[in-house]
Amino acid sequence: MTVTADMAISLDGYIAGTDVSLDNPGGDGAEPLFEWIHGLASWRERQGMTGGEENRDSELMREWFDATGAVVMGRMMYDTGEEFWGDNPPFRAPVFVLTHRPRPTLVKEGDTTFTFVTDGIHSALDRAKAAAGDRNVDIAGGANTVRQYLREGLVDELQLHVVPALLGAGLRLFDEPGAGRRDLEPIRVVHTPLATHLKYRFAR
Ligand SMILES: NC(=O)c1ccc[n+]([C@@H]2O[C@H](COP(=O)([O-])OP(=O)(O)OC[C@H]3O[C@@H](n4cnc5c(N)ncnc54)[C@H](OP(=O)(O)O)[C@@H]3O)[C@@H](O)[C@H]2O)c1
């Protein structure tokens, strides 16, 4: 069982733009973080669309989909994604949403369920592990959620898709003075014109 975190990030360290809200899910200026994904065949397939590029980036996206048996996310990522994902969300797996605001479990098409967890990050992870079978649990975002799991040392592998853009402002992934030193072992680098995909394992 591997716990992964997998994020698109600008070269200057932002995972969303400024002024993120329900009406502005990625925030202002965030287009470079996400637009490269929308043309990938594997991503389009999961959105119920046809076509798209069958390239190395698409293979990496498919690898993530195939490897992930359950997902943990924060309520902000859920709330800003809910409408976009629609009735058949791309996860096709149980999703556990960290929140202070309880809500009944939602059962969507294609085996995606959203379970709202109010008793903390360990509970959400335990439930995701139980649901994932022999596949990975991915801590999908956003920054607030991934940071909590990183701080507790609960992430085994971190993959960053570094897009060739400077956002200049927005929501930072690593923005926690005093978070402490962590050493990482590089596992893989895949470089394409769309992104540099960096994969690391945390040293134990
Ligand atoms: N670049 C990428 O790859 C990527 C990936 C995913 C998301 N994103 C972006 O990230 C942004 C959202 O990130 P974010 O950092 O603002 O928020 P987030 O991590 O998605 O959600 C934070 C919220 O989750 C709930 N929560 C988190 N930890 C909790 C805990 N321990 N117990 C109970 N509730 C908890 C709280 O919501 P309540 O108190 O309201 O319940 C909290 O305000 C969006 O713009 C999204 O587009 C980017």
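Couple of notes before you dig in:
- Number of the condition not met by M1 [criteria: (1) under 22 Å from G86 (Cβ atoms); (2) modelled with pLDDT under 95; (3) not charged (D, E, K, R)]: (1)
- Yes/no for E59 being away from the ligand (no atom under 16 Å from the Cβ), charged (D, E, K, R), surrounded by fewer than 17 Cβ atoms within 10 Å (Cβ to Cβ) and assigned to a helix (DSSP H, G or I): yes
- Per-region count, region 15-37, residues near the ligand (Cβ under 9 Å from one of its atoms) and touching a strand residue (DSSP E or B) at 6+ places or on another chain (Cβ under 6 Å): 7
- Scan of region 74-89 for residues that are more than 6 Å from the ligand (Cβ to nearest atom) and not in a loop (DSSP other than H, G, I, E, B), ordered by number: Y78, D79, G81, E82, E83, F84, W85
- Residue satisfying condition, being at negative phi and either surrounded by 16 or more Cβ atoms within 10 Å (Cβ to Cβ) or within 15 Å of the ligand (Cβ to nearest atom) (or both), within set T105, T112: T112
- Of all residues in region 115-144, those satisfying the criterion of being of a type in the set (G, A, S) and either in a helix (DSSP H, G or I) or more than 13 Å from the ligand (Cβ to nearest atom) (or both) are S123, A124, A128, A130, A131, A132, G133, A143.
- Residue in region 48-64 that is of a type outside the set (S, T, Y) and at pLDDT below 95 present: yes
The values are calculated or read from the model by the stated rules, or taken from the named source; none is laboratory data. Keep in mind that this is a model prediction, so the values were computed, not measured. Because the Cβ atoms are built from the backbone with ideal geometry, glycine has one as well, and the counts that use them run over all protein chains shown.
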